[in-house]
Every structure is written in C-alpha cells, then in structure tokens.
1. Hey, E315 hits all of (1) closer than 21 Å to S4 by Cα; (2) assigned to a strand (DSSP E or B) but one; which does it fall short on?
2. On the basis of being in contact with an Asp or Glu (Cβ under 9 Å, 6 or more places away or on another chain), basic (K, R) and in contact (Cβ under 8 Å) with a residue 24 or more places away in the chain, does R142 make the cut?
3. Quickly run through region 1-15 and pick out the residues that are crowded, with 23+ Cβ neighbours inside 10 Å, at pLDDT 95 or above and over 7 Å from C195 (Cβ atoms).
4. Return the only residue of K300, K257 being more than 26 Å from I212 (Cβ to Cβ) and either in contact with a strand residue (DSSP E or B) (Cβ under 8 Å, 6 or more places away or on another chain) or among the basic types (K, R) (or both).
5. Mind telling me which of the residues L183, L216, L194 ends up being farther than 18 Å from L310 by Cα and aliphatic (A, V, I, L, M)?
6. Mind telling me which of the residues G211, G232 ends up being more than 17 Å from the chain's Cα centre (by Cα), in the same structural domain as T130 (by TED's automatic domain parsing), within 23 Å of A281 (Cα to Cα) and not polar (S, T, N, Q)?
7. Do the conditions hold for R107, that is, is it outside the structural domain of D88 (by TED's automatic domain parsing) and not hydroxyl-bearing (S, T, Y)?
8. For region 15-41, how many residues are outside any loop (DSSP other than H, G, I, E, B), of a type outside the set (A, V, I, L, M, F, W, C) and farther than 21 Å from I186 by Cβ?
Amino acid sequence: MKRSPVVVLAGGVGAARFLDGLTRVIQPERVFIIGNTADDAEIHGLHISPDLDTVTYTLAGLANPQHGWGIRGDSFRCLEALGRLGADTWFQLGDLDLATHLYRTERLRQGASLAKATFEITAALKVRSTLVPMSNERVRTRICTPSGELEFQTYFVKRHARDRVTAIHFEGASEAAPAPGLLEAIAQAEAIILCPSNPFISIGPILAIPGIRTALQRKRSKVAAISPIVGGRALKGPAAKMMKSMQLRSSAAEVAKLYLDFTNIFVLDELDRKQAVQVEAFGMRPVVTNTIMRGVRERKSLARVVARELGIKLEIRA
C-alpha cells in the first residue's frame, strides 16, 4: 500500500537546503514538493525556472555549495560569448545549467506541460522525490515600486533588490489551475510543510493559485511552517527588506500572521524565542529550535524537529 505523501511548499535556496535535510531523515520517495514558478522568466529565448532548478540541483547533489543555486563547477563561457556579441548578461547562466533550460524550452515548444518537463528533468538527474510546479500555466511575480512595476528577475537580479517595494501581485494567478495531482497530494498528505522561504515571492505565488490555500485550510492540523526570518533578518534573499518597505515588522511573528488561517505549527529560531507568545496568540503551536542551516548536520536536525512535531516517522539514514 502506498504511503501518504509529505507535501512541501518550496521556494529556492532556503527550501532546497531544508529539503536536503528532510530527504536525509525520511525516504525521499515520500516527499511531494510544490515548487514556485512565478519567478520563471524568458531569457535569451529560454524558459528559466530558477526555483525548480535550485531544488532539483540540490536534491541531485549537483548544486553549487557557495551560492546554493546553479551547478557545482560550472563555467560561463557561453555567457561571456553572448556578452561579446552585445547581449545583456546580468542573469548568470552557466554552461551546464544551459542544458536544463534548452531541454525544458524545447519540450515546452513540443507541447509538453511544465510538469511533464520537470518530471523528465528530475528523473534524468535521479531525484527520488516528486517535484511539481504550482501550475502548468504562466504566472509571473510583478514588483510594484515608486518608479513603476518591475518584472521579478529585473528587480531581484538586475537591480539587486534595491527598489522600495510598495506592493506585489501575481500576473495570471487568478486564471491558473493547480498542476495535476497537486490538490490530491495535499488532500492525502500525512503532513504539509512550508519551507523557510520568502512568504511574499516564494510561498505567496503558490497560495495565490485558486484552490491551494483552501486545500491547506482543510488540512490545518497537519500543516507546519518554518520562519525564514531570524533575529529580524532574512538568512537569504530580500524578505526582511520587503517587509519593512511594505510597513510590516521584519519578524518571525509577522510571517506567522500571514499563515495563521491554515497553519497549526510554526517553527521559529532560538533567537526569536520571545515571539513564541505572539505565535501562540495566533492560535498556532510555536516550536523553538535552531533554524540556521549552515551545513548538512543542521539541515538534518531541523528536518528531524519538524518531522517529529508533525508525527512523521523518521528513518535512520547516513
């Protein structure tokens, strides 16, 4: 009999690191990952899915350990050649990484869905967990700033997240449908985990797809979220800066408030222990532990804590 999945909502680097720990303490085949695709972009004629690829490369053991994204030992000769031709090269695409984008783009042009292309890529790289995009349809994060609206990668990579964020919206989300099998996985899940990802630009787009938030609300007793904010700062990415610019407190408790309608357990770092009282007032059960994942040991330790709190049976692995 097939076991119920452990469903995980994931963004990029922070999510990938947690998933690396989780798939080392429970069987990877049990893990069903819903990936954010609102960061996707068309660059040099290629369909780029940064969050899906970061998770894939990490679980395949290929990720660049220095950045957390890209492929270990990659070179950038193609990008350098493009630069000599006068093309914009602000978005870093490695030579090995290009193979993934070339394959995905060609499969999409042939009529394959994004979910199908993602399955083929993860299978080829021997990823044992299931990774699905939040939707097969086009959804794009738009960042509103005082000087106008920006495409997400322009805001984040090209402009280094310098602009003040006044609002965020997800173009195409209201018309998009969840990827096939996604709602069924949530309904059947033994447990559901929100990774320590940016609540606005990583988890937010997933929740914006019609039906997903409602499905999570039905499973609230089995949902845990991990704060991406530690000591008022984001360990990776612009979450803290975004919160401040949108007149929100940059705190773990503020993140918990964003999830209170569908989350039962909220995991926050030891540095934020005092905020556990606020989390409890939201109707959540606070769990305080070390959430900073400096290496594999810390990744596994955090995964064990979350799994135990959710009642997930641990498998002893090397």
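1. (2)
2. Judged against the criteria, R142 is a match.
3. Residues satisfying the conditions are V6, V7.
4. K300
5. Answer to the selection: L183.
6. G232
7. no
8. Qualifying residue count for the region: 4.
The values are calculated or read from the model by the stated rules, or taken from the named source; none is laboratory data. Nothing here was measured: the structure is a model prediction, and the numbers come from that model. Glycine also receives a Cβ, built like all others from the backbone with ideal geometry; neighbour counts cover every protein chain displayed.
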